[in-house]
Amino acid sequence: MIKVAKFGGSSCASAEQFKKVRDIVRADPDRRYVVVSAAGKRDDDDNKITDLLLLANAHIEYHVDSSALLSDIEARFEEIASELGLKFPVAKKFDEFASCIKSLSPEYVVSRGEWFTAQLMAEYLEMPFLDAADVMIFHHDGTVDMERTATAIRDAATRLGSFVLPGFYGTTVDGQIKLFQRGGGDISGAIVARCLDAGVYENWTDVSGFLAADPRIVDDPRTIHRITFDEMRELSYMGASVLQEEAIFPVREVGIPIQIKNTNAPDKRGTTIRETAEERTREHLITGIAGKRDFTVVHIQRAHMSNEIGFVRRALTIFERYGVSIEHIPTGVDSFSVVVHGADVRDTIYGIVNDLRQELKPDSINVVDDLALISVVGRNIGWRPGTAGRIFAAIGEEGVNIRMITQDSQEISIILGVANDDFEKAIRIIYERFVADEMVEMR
Ligand code: ASP
């Protein structure tokens, strides 16, 4: 089986981290294709090389001397190379780069973070270096030309047998370096996994996978070992994120699972993300809980609304007119609510309410601010009757008022609206009653 292993910035931040990467790669002969991010932070006060290179671009743009900054960047690579005894000529290559930096495109400049990191990693792992500029090909519109990329990556894999590829960049058809969005090394890794038809895409980072709840709210939440792509999207959308979201599409489409693993604790199981999860009867009910504060709900009521064709559409057109994106639209028989991000309507809410009044002539309009949304996600929620009721009852018993309820159409999540002030309490109740308790039962 082919395993594509992508190591994030923190996994490549220092010589010490490089050693961990080598141990991981050597532990499994299937790990022959490695993708790296630029060296990241060594600790909280440190800087990511990518951020320093972006800063260098800003210096150049504003004609500020960037030599001290460039020396700092070079020193990071020098340090790794000398501590590991590598032969790669960092000083020479860096001077070549720095001496013509003003004539280089900003994207090229930033891409050197992964380029240097991958050069060092390739030598250290004793694997060939494969430049992403030669194999990761972008169309003019900025999307990846999958056909050409797949051919190039497959050819390289056959020719080289293994490689270390710098993530985050590629090249346009006319030879210009092009970057993915921030965190895009994850996307590069996913594309390599897809092109090589890998059995798994391993994403090595500095956490042991997805947690079932935010550790700032719940003490020591459990790690989610298995999650489906849909569940992960629900949780990520609500703020729980480990992986660059765009990275799931290339592998998901062809059924390659993603495994999130911790470079600093490689023996931990981590999280496996796949299309479906089997053996559902023995599984837990709730996979994870995530949420966000500060939503606004506009509640619109009008008798016999449900018979009036186009009523909801007309209301939504008004939000569109004000450029507001809509999160949820829970509906009743004679009423519906429109849930939006509070910040999106801060300056326009009076205009929106006014237009709704004039154009829809509703019986009442009610605006509720400071609402938090909590998404309780679990692939088994839909087919286990009574789940929603049990969750609402548990929250109610603890005196938290539920202001809104909605369920996604695939029935893998239940979304609750509570006052901002009740946000953390509600999450703790759900975690303790439905996640922690279940763990006890399962032991
Ligand atoms: N180095 C890039 C960034 O910091 C890409 C990555 O880390 O995946 O955004």
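The values are calculated or read from the model by the stated rules, or taken from the named source; none is laboratory data. Quick caveat, the model's predicted, so the values are computed rather than measured. Backbone-built Cβ (ideal geometry, glycine too); neighbour counts: all protein chains shown. Side chains are part of the model used for accessible areas, which takes the heavy atoms of the whole protein and leaves out ligands, DNA and RNA. Shrake-Rupley method; radii C 1.70, N 1.55, O 1.52, S 1.80 Å.
List of remarks:
- Solvent-accessible heavy-atom area per residue, rounded to whole Å², over region 105-237 at 1.4 Å: 37 Å²
- Angle of helix 49-61 to the longest C-alpha principal axis of the chain, folded into 0 to 90 degrees and rounded to 10: 80°.
- Taking θ as phi - 60° and the Karplus parameters 6.51, -1.76 and 1.60, the scalar couplings of region 121-134 work out to 5, 4, 5, 5, 7, 6, 10, x, 8, 10, 6, 4, 4, 8 Hz in sequence order, x denoting glycine and proline.
- Apportionment of accessible area to carbon and sulfur, region 138-274, percent (1.4 Å): 44 percent
- Over 19 Å apart at the Cα level, from the set Lys6/Lys41; Lys6/Lys268; Lys41/Lys292, are Lys41/Lys292.
- Percent accessible area from carbon and sulfur atoms, region 360-439, protein chains only, probe 1.4 Å: 44 percent
- GNM flexibility winner over the chain from Asp369, Asp294, Asp46 (Cα, springs under 10 Å): Asp46
- For region 1-70, the solvent-accessible area works out to 47 Å² per residue, with a probe of 1.4 Å and every protein chain left in place.
- For the chain, the longest principal axis of the Cα atoms and the long axis of helix 15-26 meet at an angle of about 80 degrees.
- Unit charges at the beta carbon, dipole of the chain: most positive-side option, Ala436, Tyr62, Ala213: Ala436
- Simple rule: put +1 on each Lys or Arg Cβ and -1 on each Asp or Glu Cβ in region 285-443, find the dipole, and look at Met305, Ile402, Leu416; the Cα lying farthest toward the positive end is Met305.
- For the chain, the longest principal axis of the Cα atoms and the long axis of helix 311-321 meet at an angle of about 40 degrees.
- Where N is the number of residues in region 44-158, Cα Rg divided by 2.2 N^0.38 Å: 1.19
- Anisotropy class of the chain from Cα gyration tensor, a/c 1.5 cut: prolate
- When only Cα pairs below 8 angstrom with a gap of at least 6 residues are kept, the chain shows a relative contact order of 13 percent.
- Spatial offset of region 141-171 relative to region 205-250 amounts to 28 Å, using the alpha carbon center of each.
- Here the Karplus curve 6.51 cos²θ - 1.76 cosθ + 1.60, taken at θ = phi - 60°, turns the phi angles of region 398-409 into couplings of 8, x, 9, 8, 8, 9, 7, 9, 8, 10, 6, 5 Hz, with x standing for Gly and Pro.
- Remark: region 293-443 carries 51 Å² of accessible area per residue (probe radius 1.4 Å; ligands, DNA and RNA excluded).
- One chain, two ends: His304 and Asp30. Fully extended at 0.36 nm per residue, the span grows by 92.3 nm beyond their Cα-Cα distance.
- Per residue of the chain, the DSSP helices (runs of n ≥ 4 H) give a summed -39500 (n - 2.57) that works out to -11500 deg cm²/dmol at 222 nm.
- Share of carbon and sulfur in the accessible heavy-atom surface of region 54-129 [1.4 Å probe, %]: 55 percent
- Electrostatic dipole magnitude of region 138-228 [Cβ: Lys, Arg +1; Asp, Glu -1; Cα centre; debye, to 20]: 120 debye
- Cα gyration tensor category, rounded, prolate or oblate, for region 355-443 with a/c compared to 1.5: prolate
- Whole-Hz couplings from phi, Karplus 6.51/-1.76/1.60, listed for region 300-307; x for Gly and Pro: 10, 10, 7, 4, 6, 3, 5, 8
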